[in-house]
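Below is one structure, written out as structure tokens; the observations come after it.
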Amino acid sequence: MIDTTKYGPWAVIAGGSEGVGAEFAAQLAGDGVDLVLIARKPGPLDETASRCRELGAQVRTLAVDLVDPESISRIMSETADLEIGLLIYNAGANTCSEPFLDADLERFGQVIDLNVTRMLELVQHFARPMRSRGRGGIVLIGSIAGTHGSMRQSVYTGVKAFSRLFAESLWLELREHGVDVLEVLLGVTRTPAMARVGLNFDIPGLAVSEPADVARQALANLAAGPVLIAGDNAVRVQQGSGPDRAAIVLGAHRMLQQLLGRQ
């Protein structure tokens, strides 16, 4: 069980309607943490909220698109009366999967806004009171995609690399103030989002994580930051960090094509 005296009484989960975010919500609700769930689609958001209420949690929902700069002011307003002890930023999709020269910069800017700008805004807003209280936790959901370049993910891989280095730096800054920071590096995970892009989960030997296992592992290791490699992806992360960048990038590209059924 999570320590509610350190990470409660309320948690904010951005991207809390399905997949890993929904599993974080259910497990926290079961441990007695009340929730603010943020997501773009009201339907899945309400379903997860109902599941968590049945587990005994108070739940507030905010159906906002985090690409919209105005979403932050609404989140701040709707949580102003709450003591937030845990922030989980699970909203990090690749919203523009085009070759870099073939899409408008505005669309790539939305990838940056969702994965970097909104994350920084929410972390700064909620972590300042945590530091003052001397307790709390920040969980950022990253990706092993940030360990190497990838075709049609030129900006996305960059923002995921940023997320990990930001988490490591924030961990250093806050560890003496009683606030834990953890970046969770996801590999292939059986989420609705990954299913929608057409990933093949049935490739022999492929390490596939389950959302509930990822959430459970992250909450159990929240105080053991700065980075947790989810599931059985440690070897892939190590492979993505070697010196022969051409071999690493080309090898990862071939694997991605196989995942997408393109070879």
Where the second residue is not in a loop (DSSP other than H, G, I, E, B) and the first is at pLDDT 85 or above and lies in the stretch 250-263, which pairs have Cβ atoms under 9 Å and are six or more apart or on separate chains? Gly251/Gln239; Ala252/Ala145; Ala252/Thr147; Ala252/Arg236; Ala252/Gln239
Go through the stretch 112-150 and count every residue that is outside any helix (DSSP H, G or I) and among the β-branched types (Val, Ile, Thr). 3
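Output the residues belonging to the stretch 89-111 that are assigned to a loop (DSSP other than H, G, I, E, B), of a type in the set (D, E, K, R) and loosely packed, with under 14 Cβ neighbours inside 10 Å.
Hit for the stretch 89-111 is Asp104, nothing else.
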I'd like to check something: does the stretch 72-95 contain any residue that is of a type in the set (S, T, N, Q), within 25 Å of Gly158 (Cβ to Cβ) and modelled with pLDDT under 95? yes
Identity of the residue in the stretch 179-219, among the charged types (D, E, K, R) and part of a strand (DSSP E or B), that ends up most open to solvent (accessible area, probe 1.4 Å): Asp180
Between Leu199, Leu165, which is under 26 Å from Pro99 (Cβ atoms), aliphatic (A, V, I, L, M) and without any contact (Cβ under 8 Å) to a residue 12 or more places away in the chain? Leu165
Would you be able to say whether some residue in the stretch 156-178 is surrounded by 18 or more Cβ atoms within 10 Å (Cβ to Cβ), in contact with a Phe, Trp or Tyr (Cβ under 7 Å, 6 or more places away or on another chain) and among the aliphatic types (A, V, I, L, M)? no
Selection from the stretch 112-147 of residues that are surrounded by fewer than 22 Cβ atoms within 10 Å (Cβ to Cβ) and of a type outside the set (A, V, I, L, M, F, W, C): Asp113, Thr117, Glu121, Gln124, His125, Arg128, Pro129, Arg131, Ser132, Arg133, Gly134, Arg135
How many residues does the stretch 4-35 contain that are buried (at least 16 other Cβ atoms within 10 Å of the Cβ) and not in a helix (DSSP H, G or I)? 14
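Being open to solvent by 60 Å² or more (accessible area, probe 1.4 Å) and either touching a His at 6+ places or on another chain (Cβ under 8 Å) or more than 23 Å from Gly137 (Cα to Cα) (or both) is the filter here; which residues of the stretch 36-88 pass it?
Arg40, Lys41, Pro42, Asp46, Glu47, Arg51, Glu54, Asp65, Asp68, Pro69, Glu70, Met76
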Residues that are in contact with a His (Cβ under 9 Å, 6 or more places away or on another chain) and part of a loop (DSSP other than H, G, I, E, B), drawn from the stretch 230-263: Gly240, Ser241
Condition met for Pro204 (of a type outside the set (A, V, I, L, M), over 24 Å from Glu83 (Cα atoms) and over 19 Å from the mean Cα position of the chain (by Cα)): yes
Six or more apart or on different chains, Cβ atoms under 8 Å: show the pairs whose first residue is in the stretch 209-228 and farther than 18 Å from Ala195 by Cβ and among the charged types (D, E, K, R) and whose second is open to solvent by 20 Å² or more (accessible area, probe 1.4 Å) and not in a loop (DSSP other than H, G, I, E, B). Arg216/Glu23; Arg216/Gln27
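The values are calculated or read from the model by the stated rules, or taken from the named source; none is laboratory data. Computed from a predicted model, the values in this text were never measured in an experiment. Cβ coordinates were reconstructed from backbone atoms using ideal geometry, including for glycine residues, and neighbour counts include every protein chain displayed. For accessibility, only protein heavy atoms count, side chains too; no ligands or nucleic acids. Shrake-Rupley method; radii C 1.70, N 1.55, O 1.52, S 1.80 Å.
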